[in-house]
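A short write-up of the structure that comes next.
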Amino acid sequence: MKLKTITMEWTGDSLVLIDQRRLPFEEVYVTCADYRSVALAIKEMVVRGAPAIGAAAAFGYALGVKEMVKKSASYDIVLLQMKNVKEMLERTRPTAVNLFWALERMQNKLIEHGKYEGLVKVIEEEAMKIAKEDIEINKAIGRNGAQLLEDGFTVLTHCNAGALATVDYGTALGVLRAAKEQGKNVKVFADETRPYLQGARLTAWELMKDGFDVTLISDNMSGWVMKQGKINAVVVGADRIAANGDVANKIGTYMVAVLAKRHGIPFYVAAPTSTLDLSIESGNDIPIEERSHEEVTNCAGRRIAPNNVKVYNPAFDVTEHELVSAIITEKGVVYPPFNENLKKLFEE
Ligand code: MRU
């Protein structure tokens, strides 16, 4: 069983990840031969983006099962050990629900299989299924979202919700890819996305590689660019969407949504249904990751702030549902009222 995309490769024995910390300057790869190194790669952001984290964790889980099956001939012991493996993978990053969704799905498969024989194969197949489904889901998100973009539109995006944030193709950038495939001329403005610079380093890189007309701006320019009439729509990804349609996404998304509302520009969120967390009523309950102070005090490896300055570095924010025009999923485009319409996605 093998899979190879721009973001990850499953060789059957290991998960090879493009090191997103080093892009766009170097295309180097990190090989994870056990679940511990997968957990570290997620924590240290070798791999990032909600669906990519989910798929990587699923392969990490598969590596864990392989190791535990080698160590013990008892299904019950493997099951017990895998609880710890799952917890270790879960402790890596708190906000993107796809991580927890994928690990829950892997654990359910382990329980459903219920015996030692054939375990490794069944679990590997499930991880592979998650990864392959992700690509198909993104293409469906792309097709659904492309209907919202007219020929000649310029779209603003924030962070990286592209091929690099998924197994392939992307969610928000998948919408742009699908529009382009339909023959529409779509231009892109990419926010640089301080402090981690996913927009400058990753979105600009992957869109240029694909021949898009992409213009990079720093985050504080988006309001002015909107005021100048340069933006027709905003399309972003999501890390977790609550039952009422509140959206957690990369820090700065909220600011963009407020500005889009002010300028009458539609604000679209593109995400798979695995990013929906209907167990959470509103965005107030979404855990927001805080990251190291160095991400703010330093830029491109160089300190830019006085020593000992106080720093606050939330990695995500929550955009209230009132600011969201529509949520684009693989099952269709969902419009307000989100608390009624998101539920319907799971009823059909
Ligand atoms: O901290 P990151 O880079 O993992 O954050 C990524 C984002 O916020 C993305 O917009 C989100 O995960 C959607 S990816 C399809």
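Of the residues examined, Ile123 is not one that is open to solvent by less than 30 Å² (accessible area, probe 1.4 Å), within 12 Å of the ligand (Cβ to nearest atom) and of a type in the set (A, V, I, L, M, F, W, C).
As a summary of the residue check, Lys70 satisfies the conditions (1) surrounded by fewer than 21 Cβ atoms within 10 Å (Cβ to Cβ); (2) in contact (Cβ under 8 Å) with a residue 12 or more places away in the chain except for the one numbered (2).
In the set Leu63, Leu110, only one residue is in contact with an Asp or Glu (Cβ under 7 Å, 6 or more places away or on another chain), open to solvent by less than 20 Å² (accessible area, probe 1.4 Å), modelled with pLDDT of 95 or more and in a helix (DSSP H, G or I); that residue is Leu63.
Assessment of the range 94-101 against the conditions (outside the structural domain of Gly170 (by TED's automatic domain parsing), of a type in the set (Ser, Thr, Tyr) and more than 13 Å from the chain's Cα centre (by Cα)) yields no matching residue. For the range 159-176, the criterion of being open to solvent by less than 30 Å² (accessible area, probe 1.4 Å) and more than 20 Å from the chain's Cα centre (by Cα) is met by no residue. Residues of the range 316-324 include at least one that is crowded, with 17+ Cβ neighbours inside 10 Å, under 27 Å from Ile135 (Cβ atoms) and aromatic (Phe, Trp, Tyr).
Among the residues of the range 10-45, those identified as away from the ligand (no atom under 11 Å from the Cβ) and aliphatic (A, V, I, L, M) are Leu15, Val16, Leu17, Ile18, Leu23, Val28, Val30, Ala33, Val38, Ala39, Leu40, Ala41.
Residues that are among the β-branched types (Val, Ile, Thr) and under 20 Å from Glu347 (Cα atoms) were ranked within the range 266-285; the one that is nearest to the chain's Cα centre (by Cα) is Thr275.
Inclusion of Glu289 among residues that are open to solvent by 20 Å² or more (accessible area, probe 1.4 Å), under 19 Å from Leu164 (Cβ atoms) and touching a Ser or Thr at 6+ places or on another chain (Cβ under 7 Å) is not warranted. Test Val186 against the stated conditions and say whether it is buried (at least 18 other Cβ atoms within 10 Å of the Cβ), under 26 Å from Val258 (Cβ atoms) and more than 19 Å from the chain's Cα centre (by Cα). Against the criterion (buried (at least 18 other Cβ atoms within 10 Å of the Cβ), under 26 Å from Val258 (Cβ atoms) and more than 19 Å from the chain's Cα centre (by Cα)), Val186 qualifies. The condition of being within 14 Å of the ligand (Cβ to nearest atom), over 18 Å from Lys209 (Cα atoms) and either more than 17 Å from the chain's Cα centre (by Cα) or assigned to a helix (DSSP H, G or I) (or both) holds for only one of Asn144, Asn138, that being Asn138. For the range 325-348, residues that are aromatic (Phe, Trp, Tyr), open to solvent by 40 Å² or more (accessible area, probe 1.4 Å) and in contact (Cβ under 8 Å) with a residue 24 or more places away in the chain total 1. One residue alone among Leu156, Leu103, Leu89, Leu164 is assigned to a helix (DSSP H, G or I) and closer than 24 Å to Pro195 by Cα, and that residue is Leu164.
The values are calculated or read from the model by the stated rules, or taken from the named source; none is laboratory data. None of these values were measured; they are calculated from a predicted model. When we count neighbours, we look across all protein chains shown, and the Cβ atoms used for this are built from the backbone with ideal geometry, even at glycine. For accessibility, only protein heavy atoms count, side chains too; no ligands or nucleic acids. Shrake-Rupley method; radii C 1.70, N 1.55, O 1.52, S 1.80 Å.
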